[in-house]
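Trainee: Could you have a look at this structure, given as structure tokens, before my questions?
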Amino acid sequence: MPSSSSLIQGISISVSDDDEATGKVRVRVRRKRSRGPVSASARRRRILFRAARLGVPLLLAALAVSLLLYESYRLKPSRSSTLPPPSFADISRLSRNALAADGARKSCLKFLDPEKLQNLELPEIPETNLSIKEVVYRSSLPHIDNDTPSHTENSRFNSFTGYQTLTEREESFKMKKSVTVHCGFYNENGGFRVSDVDKECMRSCEVVVATCAFGGGDDLHQPIEMTENSIRKVCYVAFWDEVTRAAQEEEGHKIGEDLMIGLWRIILVSDLPFSDQRLNGKIPKLISHRLFPMARYSIWVDSKSQFRREPLGVLEALLWRSNSSLALSEHGARSSLYDEAKAIVKKHKATSEEVEAQLDQYRQDGIPDEKRFNGKKALAEASVIVRDHAPLTNLFMCTWFNEVVRFTSRDQLSFPYVLRRLRPPGVHLFPVCARKDLVNSFGHRRKVKPLVKEATWGPFGCRLVFRSACLITSSLSSFFHPVHNKKDPDVVKLQSDSSHRRSAAY
């Protein structure tokens, strides 16, 4: 390696070339490149991007919360203690809003003009040429009976319905000038009690729109599009029990001093005759003529639906115009009772054993598996029933009610049977679109309680079919919730019903 020497103050110091090169190297510091000035537009874009990145999720969350609040407000019942009867102007406004929800769909039913509806009167009672002039209802009064009763431990007949024999059942389908038939209210201690004030109210009704909710079921939907004429001439009656009353009061719906909630006159029913609330609901649904003895016409509306048409106009469109006595909707999905039976079992609305027992009886009675009857579907949907209270129609409804009690609670199965057995004139099966014109359907909001499956009674008020489950449930309930010698009212009701059934058995 080459080197050089230098003389500093007489001292010789050798310096190599590498040392010189190293001394010449400078330490370079990396400088951060300075950015140029940011334009105002770029700064605005940057701010907008950051705001969008943070704001869009917040906006979406706020929108979702707003939608939830809107839906809860729309579905939540009013908190007013007592709803006053709406004025005619309010009813018309509600009607327009309800109709607007369906868009521009054309009505399947042609109703009278509003001016004619305002002045519509009930027609005179026509002269009837039908063979049935009188329907006599069986009661617990002594009567000659040479047949043995068909009551068994599994039967749902009780002191309210009476114990219809198979011979009496067969006689009820014979068209005679005077027919004797079971039709509820068999014994004065059979149940379905109402106050004397309510009885007097029901006696005063000539036209009735009725609904019911037992066991804390659906909310009460106020009718819309009612004219002043119908508000004056029509009784709007809702049957409740104490369970429903308590449930509705928790929602803020209290019965007023005039016993009204909106247009509805509330009738409180005590001592319901069936453990199955579906059967209790069949009483005002199918045998309303027993509840309203002076009524000429009635319209039944299921509790899941809101009645949205003027009642007198409905009677004119479905009964008077076509000279009909009974009007129901065709079934929307099926046409045969045998197809309906399969659907009922598949949806677990009844057991296959009880449905098959009903079908076996109907096959034995010669009911064919046909999808058409008199040019219409052979299956009806009974959420809306429009009817007169003439003797033949009353007989039809009584026999229908008895079939529902004897077999399953699904009235769609028994309606085609009764229709083929009696073959009454004037039965109007209107299309499904017409039913949608009559009511707004909201579906069932909550399950009723208690809803006990009908079967043989066991000890402790439990059904034998569910005895193990009942005993386990009762034991757990007693362990976690000691009763301290206080009886559960539901258990007391079931036990009294059980003892009542056993004492009434033949």
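None of the figures in this text is laboratory data; all of them are computed from the coordinates on show. Everything numeric here is computed off the predicted structure, so don't read it as measured data. When we count neighbours, we look across all protein chains shown, and the Cβ atoms used for this are built from the backbone with ideal geometry, even at glycine.
Trainee: At 7 Å along the Cα-to-beta-carbon direction for both Ser39 and Glu257, put a label point, then send me their distance in nm to one decimal.
Mentor: Each label point lies 7 Å from its Cα, and together they span 7.8 nm.
Trainee: Return the whole-Å distance between the Cα centroid of region 302-371 and the Cα centroid of region 172-232.
Mentor: The two parts, judged by their Cα centres, are 20 Å apart.
Trainee: Something else: Kirkwood hydrodynamic radius, region 155-206, all distinct C-alpha pairs: what's the number in Å?
Mentor: Taking every pair of different Cα atoms in region 155-206, averaging 1/r and inverting gives 13.2 Å.
Trainee: Taking 0.36 nm per intervening residue step and subtracting the Cα-Cα distance, what contour gain separates Lys347 from Leu130 on full extension?
Mentor: Separation in residues times 0.36 nm, less the Cα-Cα distance, equals 74.1 nm.
Trainee: Expressed in whole Å with the largest first, what are the equivalent ellipsoid semi-axes of region 240-342 derived from the C-alpha gyration tensor as the square root of 5 times each eigenvalue?
Mentor: Details: eigenvalues 152, 86, 44 Å².
Calculated on Cα positions only, the semi-axes equal 28, 21, 15 Å.
Trainee: Spin-label point model (7 Å from Cα, Cβ direction): what's the Asn187 to Asn440 distance in nm?
Mentor: About 4.5 nm separates the two model spin labels.
Trainee: Which Cα, out of Val269, Leu312, Gly256, lies furthest along the positive dipole direction of region 239-395 (beta carbon charges, K/R +1, D/E -1)?
Mentor: Leu312
Trainee: Once every Cα of region 88-441 carries one equal point scatterer and solvent is ignored, give the base-10 log of I(q)/I(0) from the Debye formula at q = 0.11, 0.14 Å⁻¹, two decimals.
Mentor: The computed values of log10 I(q)/I(0) come out as -0.76, -1.28.
Trainee: Read phi for every residue in region 276-290 and hand back ³J(HN,Hα) as whole Hz from Karplus 6.51 cos²θ - 1.76 cosθ + 1.60, θ = phi - 60°, with x for Gly and Pro.
Mentor: Result, rounded to whole Hz: 7, 5, 5, 5, 4, x, 6, 5, x, 6, 9, 10, 5, 5, 7.
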